Amino acid sequence: MKRSVVLTIAVMILTAGLFIGCGGGAEEASITLMQNKPEIDAMLQDYSSAWSEETGIDITVKSVGGSSGTSLGQQLRADYTAGEMPDIFVIAGIEDYREWESIILDLSDEPWTEETSVAFTVDGNVYGFPVAIEGWGMAYNADILEEAGVDPASLVNYDGYRAAFEKIDGMKSELGLDSVVSMAASADMGWVTAHHNFNSLLSNGLPYGDTSVVEALQAGNVDQQRLSEYADWVELLFSYADRGVLTTGNYDAQVGAFATGKAAFLHQGNWVDPNMDAANADFEMGFAPHGSMREATEGIFVSAPSFYVINAESENIEAARQYLNDMVFTEAGQEFMVEDAGMIPAYANVDLNPAGQLSRSVQEWASDGNVYAWNQYQFSGEFRDQTLAPIYNQFAAGQINKQEFVDGMTAAFESLGG
C-alpha cells in the first residue's frame with residue numbers, strides 16, 4: 001500500500017472526531033437492512049432497536065451468511081423477484097455494484113463521505129458506505145507458539161510455516177491441540193477458500209493496488225511458478241487441519257476450535273473477535289502474513305470489506321440516509337461499531353479503538369504500512385463460487401492431488417481468456 005494511503009487509514013483509526021445528537025431529519029418510516037455478517041447480528045439488532053426507539057423509525061435487520069446456507073446475493077435476488085428489496089443492503093465491491101447499479105442511490109453528498117477515504121466510488125461518485133476496515137492473515141495463538149518455541153516473526157513464507165507446523169504437530173498432545181490449523185473447505189465454506197485464501201495468489205507480496213496478477217489471470221495467462229508455490233501453501237494448510245473441520249465443518253466449528261485452544265492457527269480475519277469474546281478466549285493472539293510464497297512477505301490483507309448501499313427505489317430513503325449518518329456521527333453509533341461489534345472504524349471522526357486483539361493486530365499492520373490489497377472481488381462471484389470453490393473442496397477431500405489442483409486452477413483461468 002502506498003504510504004499516503006496507509007497514513008490515511010491510520011488517521012481514520014486514531015484521530016479524534018465530533019459528536020452530534022440522535023434523531024431528526026427523517027419522517028417517521030420503516031426500513032429494512034440486510035447485511036452479511038452474522039457474527040455481529042446480535043450487536044446490530046441491539047443498536048438498531050435502540051436507534052428505533054430514539055428516532056421513532058422502525059427498522060428490521062436481517063443477517064444472511066455464515067452457517068445459514070444462503071448467500072446474501074441469493075437472498076437479494078429472491079427478495080427483488082418478490083418485490084421485497086431491503087432499503088439498505090450490502091455490496092462487496094464492483095461486481096455486486098454492477099449487478100444492482102440500477103437501484104443503488106448516489107450518496108456523494110452525504111455528510112459521512114467527508115470522514116472516510118475508503119468509500120465505494122464509481123467514476124468519482126460515492127455509492128457505498130464502508131462498514132469497517134478489516135483484515136486477515138493467519139491468526140495465531142501466541143501462548144501456544146511460545147510454549148512450542150515458535151517465533152511469530154518466522155512466519156513470513158512457506159518454509160517458515162512448514163517448520164512451525166511440523167514442530168507444533170509433533171507436540172499436539174502436550175499442547176492440548178486437536179490440530180495445528182483450523183481451516184474449513186467444505187462446499188458451504190467457499191468464501192474461506194475461493195475468496196480469502198484465493199487472494200493470497202492474487203496480491204501477496206505485491207504493492208497495494210497492484211493488479212498485475214489479476215489482469216494476467218483474467219487474460220488466461222498463468223504464472224505457473226507463482227501458482228505452484230501457492231498450491232504448496234494450500235496443501236500445507238489442508239495437511240495440518242482437522243479433517244472433520246476441513247471437509248464438513250462450518251464457520252462455528254472452524255472458529256470454535258481456535259477460540260477454545262484446540263488449534264494453534266486460524267484461517268479467518270479480525271471479524272472473529274466477537275466469537276473470541278463469547279468463548280472467553282484468554283490467550284494472546286495476533287496475525288502473521290500468509291505463507292503462499294517462498295519469498296518472505298511482510299504484510300496482511302487489509303481493506304474495507306463491504307459497503308452499505310441505499311435502494312434508490314425505496315419509499316424511505318431519508319430514513320435510510322439518517323440511519324447511516326447516525327452510525328457515524330452519534331455516540332451510540334460509534335460505540336456500536338467499535339465497542340460492541342469490535343470493528344475497526346473507517347471514519348476519521350471516530351475516536352475509539354476496538355478491544356479485540358485481532359482487530360488491534362490489523363490496526364498495527366495497517367499503521368506500519370504492511371498491508372496487501374483485496375483483489376478477489378475482481379473476479380465474479382460465479383467464478384469464485386461455482387468454478388474455484390469446488391476445486392479447493394475436491395483438494396481438501398482428497399479427491400484430487402496437488403498437481404490436479406494446479407491443473408484445475410490453470411484450466412479455470414485459461415477459460416477466462418477465451
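What follows draws every value from the coordinates through simple rules; no lab data is involved. Note that the structure is a prediction, hence the values are computed from the model and not measured. When we count neighbours, we look across all protein chains shown, and the Cβ atoms used for this are built from the backbone with ideal geometry, even at glycine.
Structure data summary
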| item | result |
| --- | --- |
| Two-site label geometry, Ser102 and Glu335: point separation in nm, points 7 Å out along Cα→Cβ | 4.4 nm |
| With Cα atoms, 0 to 90° folded angle of helix 317-329 axis to the chain main axis | 60 degrees |
| Value of D in µm² per second that Stokes-Einstein yields for the chain, Kirkwood Rh from Cα pairs, at 20 °C (1.002 mPa s) | 98 µm²/s |
| Integer Hz, Karplus 6.51/-1.76/1.60 couplings in order for segment 133-149, x for Gly and Pro | 9, 10, x, 8, x, 9, 6, 10, 8, 5, 5, 5, 4, 5, 5, 7, x |
| Amide H within-cut-off set for Asn36, under 5 Å, with H built and near neighbours excluded | Val64 |
| Lysine pairs in the chain with Cα atoms under 30 Å, if 8 or more residues apart or on separate chains | 8 |
| Segment Asn125-Gln45, length gained on full extension (0.36 nm per residue, minus Cα span) | 25.8 nm |
| Under-5 Å amide H pairs with Ser306, H placed in peptide plane, nonlocal only | Val131, Ala132 |
| Helical mean residue ellipticity (222 nm; -39500 (n - 2.57) per DSSP H run of 4+; nearest 500) of the chain | -11500 deg cm²/dmol |
| Helix axis angle, 3-14 relative to the chain longest principal axis, alpha carbon, degrees | 60 degrees |
| Integer Hz, Karplus 6.51/-1.76/1.60 couplings in order for segment 82-92, x for Gly and Pro | 7, x, 10, 5, x, 6, 10, 9, 10, 10, 9 |
| Relative contact order (%) - the chain, alpha-carbon pairs under 8 angstrom, separation at least six | 31 percent |
| Gained length - Ser212 relative to Glu318, 0.36 nm times residue gap less alpha-carbon distance | 34.0 nm |
| Protection proxy ranking, peptides 97-108, 283-294, average beta carbon neighbours within 10 Å, highest first | 283-294, 97-108 |
| Amide H contacts of Met343 (H built 1.01 Å from N, under 5 Å, at least 5 apart or other chain) | Val338 |
| For segment 306-385 and segment 187-219, distance of Cα centres in Å | 21 Å |
| Computed label-point distance, nm, for sites Ser117 and Ala278 using a 7 Å Cα→Cβ extension | 3.5 nm |
| Projected label distance in nm at Ala411 and Ser154, using a 7 Å step from Cα toward the beta-carbon | 3.9 nm |
| Mean Cβ count within 10 Å, highest first, over the residues of peptides 124-134, 219-229 | 124-134, 219-229 |
| Estimated FRET transfer efficiency (Arg243, Ala187; beta-carbon r; R0 25 Å; 0.05) | 0.95 |
| Note, ³J(HN,Hα) from phi for segment 386-393, Karplus 6.51, -1.76, 1.60, rounded to Hz, x at Gly and Pro | 9, 9, 7, 3, x, 5, 4, 4 |
